[in-house]
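The values are calculated or read from the model by the stated rules, or taken from the named source; none is laboratory data. Just so you know, these numbers come straight off a predicted model, no measurement behind them. Positions of Cβ are generated from backbone atoms using ideal geometry, with glycine treated the same way; all protein chains shown enter the neighbour counts. Accessible surface is based on the protein model in full, side chains and every heavy atom, while ligands, DNA and RNA are left aside. Shrake-Rupley method; radii C 1.70, N 1.55, O 1.52, S 1.80 Å.
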Amino acid sequence: MMMFKRALLLALLPGTVLAAPIFTLQSSDFNDSAMLDKTFAGNNKSNPSCTGDNVSPALSWSNAPAGTRSFALMLTDPVGGKGLGVTHMVAYNIAADRTQFAQGELSKGEGYTGGENSPGTTSYYGPCPPVGSGMHHYNFVMVATDLPVNQLPGGLTHDELIAKLKGHTLGAATIVGRFTNDK
């Protein structure tokens, strides 16, 4: 009974702050820090490291920060490109009422404005780490913004998007998938 009274008293005191739910990003196709299936790897006949199906994994998010008007999604491999990093996806102008992308949807370029990734496309480009380069970590980062949908022009690079988002971010959520072409 004493614990209940204390909790009630704390809840009623002026200045008491209740923690907001945590903004999260998850996938029904892989767990955080788990291996990505080859289905999600890139597919490019001119690159022997891209032997997957280039199907984007399903993503869903919840508990966006108050005031969110749009989302931006970036997929990067920080050790790709021999340590200089590779951007696999730049997507933004995602509607604030949206909470998921189905498997394969990001590969189609629908439901968002596509920015330019490192390979030069404007949709999902799956992992293609060179054989012998070890394990790579693919960081999916969903950013909540106060920018209205269609505020940003198409074709922004990762760095250009980051510059445009400065001062407009409300929070971010991430999930990491791992992949290697080593046996």
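Scanning residues 5 or more positions from residue 157 or on other chains, those with amide H under 5 Å from its amide H are 116, with H placed 1.01 Å from N in the peptide plane. Just list whichever of 82/183; 82/164; 38/108; 45/108 have alpha carbons separated by over 21 Å in the model shown. Exceeds cut-off: 82/164. Cα centroids of the range 138-172 and the range 84-127: 12 Å apart.
Report the charge-dipole magnitude of the chain in Debye, nearest 20, computed about the Cα centre from +1 at each Lys and Arg Cβ and -1 at each Asp and Glu Cβ. Spell out each step's value before the answer.
Details: 12 positive and 13 negative charges, 84 e Å.
Dipole of the chain, to the nearest 20 debye: 400 debye.
For the range 90-169, the dipole from Cβ point charges (+1 on Lys and Arg, -1 on Asp and Glu) about the Cα centre works out to 60 debye, to the nearest 20. Remark: the chain carries 54 Å² of accessible area per residue (probe radius 1.4 Å; ligands, DNA and RNA excluded). In the set [x] 12.6; [y] 10.0; [z] 13.4, the label that goes with mean projected area of the Cα convex hull in nm² computed for this structure is [z].
Note on the range 43-183: antiparallel DSSP beta bridges, both residues inside, total approximately 95 percent of the bridges counted. Computed over protein heavy atoms with a 1.4 Å probe, the carbon and sulfur contribution to the accessible area of the chain reaches 56%.
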